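Okay, structure first, notes after.
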Amino acid sequence: MAGVRLFYRSARGVRLTESGEAVLRRSKLALDELRQAAEDLAATQGKVRGRLVIGSLPLSSGALVPRAVDRVLARHKDIQIAIVDGTYDGLMYQLRHADIDVLVGALRPHAPGADIIQTPCLKIPCRWWCARATRWKASPGWFARSGVGIVDRSIGGQSGP
């Protein structure tokens, strides 16, 4: 490719150069576009089929993602779905390299880059529950400022937002 070196030999075998990594990424993205085009053509004939690889962050893999997958599979039998668990950084790498199609998990305060679109899919109020007798102490003012609720088990009430 234009005289650019894509591989190099190391003690561990053959490795990709930085240019090789770029070509690999673009090639995988191009192949993924072709796969999606075939799925789109099937959809024009009323057929919903294809493959979906979901990257799932730890807190979303417990119930959210499996329930959604069950609902989709109940309606669309010809879809193949795989779930990949991982860390944010690992899954973001896989998303950018077309190894996964979507990443499900808590939104980050800022989008990771212009190539990634963050979209909220649920609006769930988040609360932090703890007993007043825990070793970890935070003032009720901290909870109120942070938007976290606190439960006082001794009286069964709730303070904070």
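The values are calculated or read from the model by the stated rules, or taken from the named source; none is laboratory data. Keep in mind the model is a prediction, meaning the values are calculated, not measured. Glycine gets a Cβ as well: all are built from the backbone with ideal geometry, and neighbour counts include every protein chain shown. What goes into the accessible areas is simple: the full protein's heavy atoms, side chains included, and nothing from ligands, DNA or RNA. Shrake-Rupley method; radii C 1.70, N 1.55, O 1.52, S 1.80 Å.
For the reader, a short list of remarks on this structure follows.
- Leading residue by the ranking (least open to solvent (accessible area, probe 1.4 Å)) among those in the range 2-22 that are among the basic types (Lys, Arg) and either in contact with a strand residue (DSSP E or B) (Cβ under 9 Å, 6 or more places away or on another chain) or in a helix (DSSP H, G or I) (or both): ARG15
- Pairing each residue of the range 4-20 that is in contact (Cβ under 8 Å) with a residue 12 or more places away in the chain with any residue that is open to solvent by 60 Å² or more (accessible area, probe 1.4 Å) and outside any strand (DSSP E or B), provided the two are 6+ apart or on different chains, yields C-beta distances under 7 Å for THR17/ARG5; SER19/VAL4; SER19/ARG5.
- Residue identified as on the phi < 0 side of the Ramachandran plot and loosely packed, with under 10 Cβ neighbours inside 10 Å among ARG25, ARG75, ARG71: ARG75
- The lone criterion from (1) under 23 Å from ILE116 (Cα atoms); (2) open to solvent by less than 60 Å² (accessible area, probe 1.4 Å); (3) of a type in the set (A, V, I, L, M, F, W, C); (4) touching a Leu at 6+ places or on another chain (Cβ under 9 Å) left unmet by LEU64 is number (2).
- Verdict on ARG51 being open to solvent by 50 Å² or more (accessible area, probe 1.4 Å), free of Cβ contacts under 8 Å to residues at least 24 places away in the same chain and in a strand (DSSP E or B): no
- Subset of the range 78-92 [in contact with a helix residue (DSSP H, G or I) (Cβ under 8 Å, 6 or more places away or on another chain), closer than 22 Å to ALA38 by Cα and open to solvent by 70 Å² or more (accessible area, probe 1.4 Å)]: ILE83
- Residue within the range 93-113 that is part of a helix (DSSP H, G or I), in contact (Cβ under 8 Å) with a residue 60 or more places away in the chain and surrounded by 15 or more Cβ atoms within 10 Å (Cβ to Cβ) present: yes
- Taking (1) in a strand (DSSP E or B); (2) modelled with pLDDT of 85 or more; (3) not aromatic (Phe, Trp, Tyr) in turn, GLN158 satisfies each apart from (2).
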